[in-house]
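Asks: I'd like to ask some things about the structure below.
Laboratory data are not the source of any read-out in this text; all were calculated from the coordinates shown. Everything quoted here is computed from the prediction, not taken from an experiment. No Cβ is skipped: glycine too gets one built from the backbone with ideal geometry, and neighbour counts run over all protein chains shown.
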Amino acid sequence: MAKLTYDDTGRLLFTEEMKHEYKILIPAMAPYHFEYFVHILKSEGYDAEVLSNNSFDVIHEGMKYSHNDICVPAMLVIGQFIDAMKSGRYDVHKVALIITQTGGGCRASNYVSLIRKAFAKAGYDFIPIISVNAVGLEKNPGFKITANILMKLITGLAMGDLLMQLYNEVAPYEINEGDTERVYQDVNRFLDEYFYKPPWKVFYHPQKLFERVVKRFREIPVDRSIKKPKVGIVGEIYVKYSPLGNNDLERLLRQEGCEVITPNILDFFQYTFDSSRHDILKYGGRKIVAMTYRFFIWFIEYRRNKVRKLLKKNGFRPFTSYYELREMGHDMLDHAMHVGEGWLLTAEMIELISIGAPNIVCTQPFGCLPNHIAGKGMFKKIKNAYPESNIVAIDYDTSATEINQLNRIKLMIANARRNL
């Protein structure tokens, strides 16, 4: 068994020895994206798994080992981790947890501390917790973000964004029920292989894979003669993408006869880089760091531009570039507002309206004040500028009734059909 090692502050470290012995558990969030994280880590010598436990016990454990005023995403993540430890599926002395830290003015920056506190209370303080962040908050000798991991991460997120859009754009119109799901499962098999290729192929190969993916989805027989309301999903990063956090909102909307549009997750990553760059230039900091963030944004957009052209060429909806998206919200909210989802949330709502999806579900978790300000707080201003907008805020709380959420969503859909 690997020896437990602590730093000067008493924080338990994930060591080199643990890299070869421990399984890293990843919380479930974005179903189109996070399975690629497993292959990214496995291809780099780690053992990893995305958690799939989503029963009521997750909520129960989260409420038991965290404050009842903590935000819902934190409660669900803590609950999912502790429920997994109690399930008996894992050797608790051979597992580590991994979680991202944004570093901004959001409780997500404190998730690591909250998880450690909860795990100490539950008697699991011997389990190392790995922080993944771009601002140097915490480091571990056994886990390092290499250039190869970073390249695979960007590609994996781009793959997830592409599949999320194609699935949601094709599934509502498929002639043969289940075709979209079968193609989705099939393309995932050859996409998984990408992460185990040598570094030079990791850099050059993605475009060929994207072309194969788009071709497969284009071949699915569809009937678009029946017009369906386009409904966008925005909100706090966790409940926007997580079926556990939003009661499987995408599936619900498809069952109600809607075409779902969920904004790209890479926009959020670029927004976090841009926010850090903004603060350095405005308040001071190392200019080389600001230039590095700018390079990341440029490189991600360079990759995404190829995907965007591919979508347009094959008759699918090309997504908005990050720089265009940033300008969309400029007159509504200052770019200095980057707490939580900040100006990005408002910009995404305007983007959806501009592409013919004025029907929007704004997912708001209990306890996320920045999300309520940049989301629901902007509704009046957006509706004054865009009278056709049909926006509903849905509060996701562990104590909220699902039927109340469903009724409000159905009312929004009824308005969408009337407008259509």
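Rundown of residues vs (1) in contact with a Pro (Cβ under 9 Å, 6 or more places away or on another chain); (2) of a type in the set (Phe, Trp, Tyr); (3) over 30 Å from Lys3 (Cα atoms), yes/no style:
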position: Pro31; (1), (2), (3): yes, no, yes
position: Leu41; (1), (2), (3): no, no, no
position: Asp47; (1), (2), (3): no, no, no
position: Ser55; (1), (2), (3): no, no, yes
position: Glu61; (1), (2), (3): no, no, no
position: Gly79; (1), (2), (3): no, no, no
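Asks: Would you confirm, using the coordinates I've provided, whether Ser52 is surrounded by 17 or more Cβ atoms within 10 Å (Cβ to Cβ), in contact (Cβ under 8 Å) with a residue 24 or more places away in the chain and assigned to a loop (DSSP other than H, G, I, E, B)?
Replies: For Ser52, the condition - surrounded by 17 or more Cβ atoms within 10 Å (Cβ to Cβ), in contact (Cβ under 8 Å) with a residue 24 or more places away in the chain and assigned to a loop (DSSP other than H, G, I, E, B) - is not met.
Asks: Here is a follow-up. Condition (residue is among the β-branched types (Val, Ile, Thr) and over 30 Å from Thr9 (Cβ atoms)) applied to segment 144-155: is it met by at least one residue?
Replies: yes
Asks: Give me the residue from segment 139-184 that is among the charged types (D, E, K, R) and outside any loop (DSSP other than H, G, I, E, B) and, out of that set, farthest from Trp200 (Cα to Cα).
Replies: So the residue we want is Glu174.
Okay, residues lined up against (1) surrounded by fewer than 19 Cβ atoms within 10 Å (Cβ to Cβ); (2) touching a Phe, Trp or Tyr at 6+ places or on another chain (Cβ under 7 Å); (3) not hydrophobic (A, V, I, L, M, F, W, C); (4) not in a helix (DSSP H, G or I):
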{"position": "Pro263", "(1), (2), (3), (4)": "no, no, yes, yes"}
{"position": "Asp267", "(1), (2), (3), (4)": "no, yes, yes, no"}
{"position": "Gln270", "(1), (2), (3), (4)": "no, yes, yes, no"}
{"position": "Lys282", "(1), (2), (3), (4)": "yes, no, yes, no"}
{"position": "Tyr302", "(1), (2), (3), (4)": "yes, no, yes, no"}
{"position": "Glu327", "(1), (2), (3), (4)": "yes, no, yes, no"}
{"position": "Ile353", "(1), (2), (3), (4)": "no, yes, no, no"}
{"position": "Thr363", "(1), (2), (3), (4)": "no, yes, yes, yes"}
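Asks: Still on this structure: For segment 383-418, how many residues meet the condition of being farther than 22 Å from Met332 by Cβ and in contact (Cβ under 8 Å) with a residue 40 or more places away in the chain?
Replies: Total satisfying the criteria: 12.
Asks: Here is a list: Met337, Met332. Which entry is touching a Phe, Trp or Tyr at 6+ places or on another chain (Cβ under 6 Å), in a loop (DSSP other than H, G, I, E, B) and either on the phi > 0 side of the Ramachandran plot or in contact (Cβ under 8 Å) with a residue 24 or more places away in the chain (or both)?
Replies: Criteria check complete, one pass: Met337.
Asks: Mind listing whichever residues of segment 218-238 are crowded, with 23+ Cβ neighbours inside 10 Å and assigned to a helix (DSSP H, G or I)?
Replies: Selection gives Ile237, Tyr238.
Asks: Working only within segment 1-49, note down all residues that are at positive phi and free of Cβ contacts under 8 Å to residues at least 12 places away in the same chain.
Replies: Correct list: Gly10 only.
Asks: Let me ask something additional. Restricting attention to segment 267-280, which residues are within 11 Å of Phe296 (Cβ to Cβ) and touching a residue at least 40 places away in the same chain (Cβ under 8 Å)?
Replies: Once the filter is applied, which keeps residues that are within 11 Å of Phe296 (Cβ to Cβ) and touching a residue at least 40 places away in the same chain (Cβ under 8 Å), segment 267-280 yields Phe269, Gln270, Thr272, Phe273, Asp274, Ser276.
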